[in-house]
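Working notes, beginning with the structure itself.
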Amino acid sequence: MAYETLLIERDGPVAIITINRPKVLNALNASVLDELSNAFDELEADRSVLAVVITGAGDRAFVAGADIGELAALADGKAGEEKARAGHHVTHKMEHSRLPVIMAINGYALGGGLELAMAGDIRLASANAKLGQPEVNLGIVAGFGGSQRLPRLVGQGMASYLLLSGEQIGADEAKQCNLVEKVLPPDQLLSEAKRLAKVIAAKGPLAIAATKRLIHKGLQTDLHSGLELEAAEFGKISQTADAKEGTKAFLEKRPAQFEGR
Ligand code: COA
């Protein structure tokens, strides 16, 4: 499929999606949201793709938020709600995909940009990244999941600080509060994201998808129910060809060859 707002490249089993509207710091308009949704369907269906990296075009921004021009033109409350739901649709699709998603945050990740990043599995940031939820500066609230995912990631106090003040934080502070997992020099960000994606892509794909499911479902439930889910998944995965191969390869002191079955 051809995309107007995304560049999609392949590096072996890894697909790299670059959000490509650098003149507006990669702001998320309706086309980007639609195309991200379609791109995910396409990648999900391609069994040769085993991991995804998402980054922003240029050296200034990952994504500087939802497109403020579109927000200013929202005709009524229903249109506003639909806009929020369009963001929820894409972020939900990523979270529930079999594909691990690594976010390579190469500059501003503000508003919808940070909300997109929070729907990924792992966040890497360049040392010059700036992160924040500046919606209140515009008299609006976070609409693509920020009010819900941010407190889950960083806790209530830090989430309230970011969502209520609209202030931006740098990459090191984001690392300290668990908003990103690693901080890298700008010229190493993408190579590290691809390296990590390949490390994950080399594991058993069924085990990776099950782990991702357990983390996301578990975060929404109590410990006992989460452990029940884990036991059920463990039982299923323990009988896959990949599990037989992985354990046999260890005992035979050779690398495992996983096939996703
Ligand atoms: N939506 C639409 N356009 C945006 C945008 C957004 N979220 N963020 C930046 N742009 C556009 C700017 O309007 C500008 O366009 P222009 O060149 O036609 O004037 C261009 O991107 C470059 O941005 P600019 O503001 O000139 O860069 P800067 O270095 O002075 O500031 C930011 C960078 C990120 C601090 C600033 O652009 C900003 O605050 N953006 C909005 C962030 C935000 O509120 N996001 C949440 C939206 S809900």
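Bear in mind these aren't lab numbers, they're just calculated from the coordinates by the rules spelled out. This structure is a prediction, so every number in the text was calculated from the model and none was measured. Positions of Cβ are backbone-derived with ideal geometry, glycine not excepted, and every protein chain shown enters the neighbour counts.
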Quick one: how many residues across the range 218-242 are over 22 Å from Q257 (Cβ atoms), of a type outside the set (D, E) and not in a helix (DSSP H, G or I)? 2
Across the range 210-234, what is the number of residues that are surrounded by 15 or more Cβ atoms within 10 Å (Cβ to Cβ) and closer than 19 Å to H92 by Cβ? 8
Residues of the range 119-134 that turn out to be touching a residue at least 60 places away in the same chain (Cβ under 8 Å) and either among the hydrophobic types (A, V, I, L, M, F, W, C) or within 12 Å of the ligand (Cβ to nearest atom) (or both), as a count: 5
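Pull up the range 96-118, narrow it to residues that are away from the ligand (no atom under 11 Å from the Cβ) and of a type in the set (G, A, S), then point me to the one that is surrounded by the fewest Cβ atoms within 10 Å (Cβ to Cβ).
Result: S97.
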For A73, only one of the following conditions fails: (1) surrounded by fewer than 14 Cβ atoms within 10 Å (Cβ to Cβ); (2) among the small types (G, A, S); (3) under 15 Å from I16 (Cβ atoms). What is its number? (3)
